[in-house]
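First the structure, in the form of structure tokens, and then the observations on it.
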Amino acid sequence: MTLDIRGPAAVLGGRIELPRETVLLSTAVGPCLFGTAFLVTAYLPGTPGWNAIYRVLPAGVLLLALRPARPHGVWWLRSMLLGALNFGGFFALQALAAHRLPGGVVATVSAAQCLVVPVLLTALGQRVGSRDFWVPPIGLAGIALLVFEGETAFDALGLGAAAGLAVLSATGMVLTRRWGAPPGVHPLSATAWQMIAGSLLLLPIATLIDGTPPPLSLGQLSATIWLSVGATALAFALFFGGLYRGVPA
């Protein structure tokens, strides 16, 4: 059962749910952890595909070890689709964009997902307030004024990748919130299925584009560990945890 975040703490489905403010705050911490990836990526080798696999696959295995479960029925297909949107395609494009553009540019362009989400919700027949359409552009404009500098380089391929990950992220977010987690399955397990599925989809792409897996120096290994554990496993556990608890997309 999902949490109605409008109310105080409650007991739902046999477990204690958190107060609205706590749910929103913990959900917001996820994107804050995502943002560190734009700084850490600069220390990784120039292999976007393998960098994404090194990041996502261990994170999925870690979450699945914490909450073992396996998909069943329609969730095999849903996990593959969500894995492709939220992790496979998303992190491949993010790694590519981060290697070709300054982190602030990538973060700002990819944040355009907040413009895509209300459009998708409307297309799915869900009511969306007018504020969801006019507030995001103001926020994006403010961020752009803060991070863009006169000498900022705009690489066409990098911009295309950043725009693509905004679309993938928005679509994955809406579907994750719409479908929720399977009955009786912990959100960590459902998130882990997506991560592992996305990693498996990335394997042939990384092999085709980047060749063999690159060796990592000690510094690159440290950066990869943070990306996998902090900026992926923990970040998505918090962010998707909010979606599963009822935070609107």
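The values are calculated or read from the model by the stated rules, or taken from the named source; none is laboratory data. Note that the coordinates shown come from a computational prediction; the quantities given were computed from them, not determined experimentally. Neighbour counts are summed over all protein chains in view; Cβ atoms, including those assigned to glycine, are modelled from backbone coordinates with ideal geometry. Protein only, heavy atoms only, side chains kept; ligands, DNA and RNA dropped before computing areas. Shrake-Rupley method; radii C 1.70, N 1.55, O 1.52, S 1.80 Å.
Summed over qualifying helices (DSSP H, 4 residues or more, each -39500 (n - 2.57)) and divided by its residue number, the chain shows a 222 nm mean residue ellipticity of -21500 deg cm²/dmol. Within the listed set 185, 128, 74, the residue fluctuating most in the Gaussian network model of the chain (springs between alpha-carbon atoms under 10 angstrom) is 74. The largest-to-smallest principal axis extents of the Cα set in the range 23-81 are 40, 32, 22 Å. Please build a GNM for the chain, connecting alpha carbons under 10 Å apart, and tell me which residue among 58, 215, 31 fluctuates the most. Result for the chain, Cα springs under 10 Å: 215 fluctuates most. Of the residues 31, 238, 54, the one whose Cα sits farthest towards the positive end of the charge dipole of the chain is 238 (charges of +1 on Lys and Arg Cβ, -1 on Asp and Glu Cβ, taken about the Cα centre). Counting only protein heavy atoms, what percent of the accessible surface of the chain is carbon or sulfur at a 1.4 Å probe? The computed percentage sits at 70. Of the residues 68, 187, 48, the one that moves most in a GNM of the chain with alpha-carbon contacts below 10 Å is 68. The simple Förster model, with R0 at 51 Å and r as the Cβ-Cβ distance, assigns residue 127 and residue 221 a FRET efficiency of 0.60.
Entry comment: accessible area of the chain is 50 Å² per residue, from protein heavy atoms only and a probe of 1.4 Å.
A simple spin-label model places the labels of residue 155 and residue 119 2.5 nm from each other, with each point 7 Å out along Cα-to-Cβ.
Three principal axis extents of the chain based on alpha-carbon atoms, in descending order, are 49, 41, 30 Å.
Kirkwood-type hydrodynamic radius, the range 42-180: 16.6 Å, calculated from all non-identical alpha-carbon pairs. With r defined as the distance between the Cβ atoms of residue 135 and residue 178 and R0 fixed at 22 Å, what FRET efficiency is calculated, to the nearest 0.05? Efficiency, from the Cβ-Cβ distance: 0.50. Each Lys and Arg Cβ is given +1 and each Asp and Glu Cβ -1; about its Cα centre, the chain then shows a dipole of about 760 debye.
Along each principal axis, taking the top coordinate minus the bottom one, the Cα set of the range 207-249 gives 41, 26, 9 Å in descending order. Projected label points at residue 29 and residue 66, each 7 Å from Cα along the beta carbon direction, are separated by 1.0 nanometres.
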